[in-house]
């Protein structure tokens, strides 16, 4: 189903306005009136698109996560270095989104939802393999938390290494140990 281009533009403007305001002031103090004004839309227009500020934030986060999922190489046989490069290029291109997600007041519940979805994805991808020595659910939670922590470290330090190098670090430090423990050997 294709969305009306006007609807898409309005939603894009609202998402961008929210991202800009959150970075300036944090999430909690922002009002819907401020969001609408920053996006250049009417107050009532906001409610034609989103029932609440939280719904807009969730849309912003989901939009960015879906984009990342489309970029990631499919399947279990993807190269972990390439997968890591893609993740860190996305983080560099959407630094604002990641900063909001990782450090804004009011987004911790959403971050927990994102982590739960990511853990479920890992469990779905690796659940059919031999039973690892460490329960897969624990490995999946550790994997997701490690990826988030590495992205956060990298952004907090001003991206000291380029995405291709971070892809190598991701592969060596996070994916290869995970795959060895989970029993899903990839090169």
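Here are a few things to note about the model shown:
- Dimensionless Rg/Rh of the chain - Kirkwood Rh, Rg from C-alpha atoms: 1.02
- Using alpha-carbon coordinates, inclination of helix 5-25 to the longest axis of the chain, degrees: 80
- Among 48, 165, 15, residue whose mean-square fluctuation peaks in a GNM of the chain (springs only between Cα atoms under 10 Å): 48
- Extension gain from residue 62 to residue 24, taking 0.36 nm per residue of separation minus the Cα-Cα distance: 11.6 nm
- Distance from the C-alpha centroid of the range 32-53 to that of the range 154-174: 37 Å, rounded to the whole angstrom.
- Percent RCO, i.e. relative contact order, over the range 8-61, from Cα pairs under 8 Å lying at least 6 residues apart: 41
- Choice from 22, 41, 86 with maximal GNM fluctuation in the chain (Cα, 10 Å cutoff): 41
- Value of [θ]222 nm, deg cm²/dmol, for the chain, DSSP H segments ≥ 4, -39500 (n - 2.57) each, nearest 500: -22500 deg cm²/dmol
- Angle in degrees between helix 53-71 and the longest Cα principal axis of the chain, rounded to the nearest 10: 40
- Across the chain, the relative contact order, built from alpha-carbon pairs under 8 Å that are at least six residues apart, equals 26 percent.
Coordinate-derived values only; no laboratory data. What you see is a predicted model; the values in this text were computed from it and never measured.
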